[in-house]
Amino acid sequence: MVPGADLYRKGISVLNIGIIGCGDVATHSYMPGLQAMADRANVVAVFDIFQNRVDDALGFFPNAAPYLDYDAFLGHGPEKMDLVFNLTPAPLHRDITAKALEAGYSVYSEKPIASTLGEAAELVALAEEKGLHFFCAPAMMVTGRFMWLKEFIYSGAIGNPYFIKGQIGGMGPASWRTYSGDPRVFYTPKVGPLVDLGVYQLHALTGLFGPARTVSAVGGIMNPTRKLLQPALFGEEIEVQAPDLYSINLTFDNNRNANLFNTFAMPATKSPMFEIYGSMGTVSIGQHQWFDGNGTTDIYVRDESEGGEAEGWNNDSPVPNPIEASDILGSGILHALDVMANGTDNVLTAAHAEHVLEIMLAAGESLKTGDSIEIASSF
Ligand SMILES: NC(=O)c1ccc[n+]([C@@H]2O[C@H](COP(=O)([O-])OP(=O)(O)OC[C@H]3O[C@@H](n4cnc5c(N)ncnc54)[C@H](O)[C@@H]3O)[C@@H](O)[C@H]2O)c1
């Protein structure tokens, strides 16, 4: 039996939480999110390798035990900490998650799950062997909008949905003047725009259309150097070591296809972030709408009846059943707490994250070889 179900049976509704990595996303999203859910989540321990980051965390949770050493944090005790959030930089995810699972903690990992398929499979096996919960961001498919959209597009409302066009990017963190983390890591070989941002769209695409079957990509490194714009690092020039532009074609079962344009080399755009085309309509999510998990959606319906009165856009259509959290990251926290406290099914599965990792690695391979790559995994 998994611990969450056990907890539920014991009637415990407040879960004890640990935070690993108290940087930008922790202080801007996860900590405020957990604070807002204090009736269900009690942050009992925080860990970072830097004292100032730990101090920031204590500002949110003054009663949490502070740790500067990972082994000491893990020594806090699984019986006193139900779930830990791994909010460290992407290249560390695998090692941090593995040690937490080995020590008996259920884990919520920021994306990506790991850097290779072998590593991801090991983590999945470890979580299963230990009977622990393992949640993997990004939480697209548990946002209010995407939970509804999945039902909506298969309800016949836009006929047969057959193509998704996704786009996500910008110039990347080197240009985010107020970014408080280390922007350099995003241009290293294990990160890049796909691992940082494309991953959101890939979870949404596959969450709606199911497992991808083939992947082919064009792109590469467009801007080989970047000037950092954060005040503390201003003017430093870094080398771009990961492709900074991808255009990825994906095929799915049932004659469905998708394209994802994803980049750290796009100064600006006026394109929508996500569009779904069906025989009888279009769903469009603009840049101003995407980041709100309960946000509105523009829907175009065709009308083939005589006169065609119903044909046209229904802009800013609301989510019929908005959830408590309106941001994508908060939707993930809410989901994890719900699964662990109430025994609901985990949608943020490691299998889905592993499948998306295989797509991302295949896109990188296709950039180099020009081949269309078959995807073996499913979820
Ligand atoms: N910043 C965002 O807006 C954002 C949004 C969504 C997801 N994410 C994801 O969240 C993760 C963290 O991103 P971030 O922007 O917060 O980065 P960050 O660099 O600001 O924060 C990472 C924190 O981890 C700490 N750290 C480094 N090595 C560590 C170690 N060995 N053990 C414990 N802590 C360690 C750092 O000191 C830092 O405080 C990444 O995977 C990123 O992709 C970030």
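Out of curiosity, is residue 115 of a type in the set (Gly, Ala, Ser) and in contact with a strand residue (DSSP E or B) (Cβ under 6 Å, 6 or more places away or on another chain)?
no
Quick grid of which residues meet (1) buried (at least 18 other Cβ atoms within 10 Å of the Cβ); (2) under 30 Å from residue 343 (Cα atoms); (3) touching a Leu at 6+ places or on another chain (Cβ under 8 Å):
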site: 55; (1), (2), (3): no, no, no
site: 65; (1), (2), (3): no, yes, no
site: 77; (1), (2), (3): no, yes, no
site: 84; (1), (2), (3): yes, yes, no
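Report whether or not residue 13 is part of a helix (DSSP H, G or I) and either of a type in the set (S, T, N, Q) or at pLDDT 95 or above (or both).
no
Determine whether residue 244 is closer than 15 Å to residue 111 by Cβ, of a type in the set (D, E, K, R) and in contact (Cβ under 8 Å) with a residue 12 or more places away in the chain.
No.
Here is a check on your reading of the model: is residue 82 acidic (Asp, Glu) and within 17 Å of residue 136 (Cα to Cα)?
So residue 82 passes the test.
Being within 19 Å of the chain's Cα centre (by Cα) and in a loop (DSSP other than H, G, I, E, B) is the filter here; which residues of segment 245-270 pass it?
The one that is within 19 Å of the chain's Cα centre (by Cα) and in a loop (DSSP other than H, G, I, E, B): 264.
Return yes or no: is residue 181 within 30 Å of residue 300 (Cβ to Cβ) and within 16 Å of the ligand (Cβ to nearest atom)?
Considered against the rule, which asks whether it is within 30 Å of residue 300 (Cβ to Cβ) and within 16 Å of the ligand (Cβ to nearest atom), residue 181 comes out as no.
Count, please, the residues in segment 102-117 that happen to be away from the ligand (no atom under 15 Å from the Cβ) and within 20 Å of the chain's Cα centre (by Cα).
3
Search segment 76-94 for residues that are more than 9 Å from the ligand (Cβ to nearest atom) and pair each with any residue that is at pLDDT 95 or above and charged (D, E, K, R) when their beta-carbon atoms are under 8 Å apart and the residues are at least 6 apart or on different chains.
The qualifying pairs are 85/110; 94/119.
The values are calculated or read from the model by the stated rules, or taken from the named source; none is laboratory data. Source: prediction; values computed, not measured. Because the Cβ atoms are built from the backbone with ideal geometry, glycine has one as well, and the counts that use them run over all protein chains shown.
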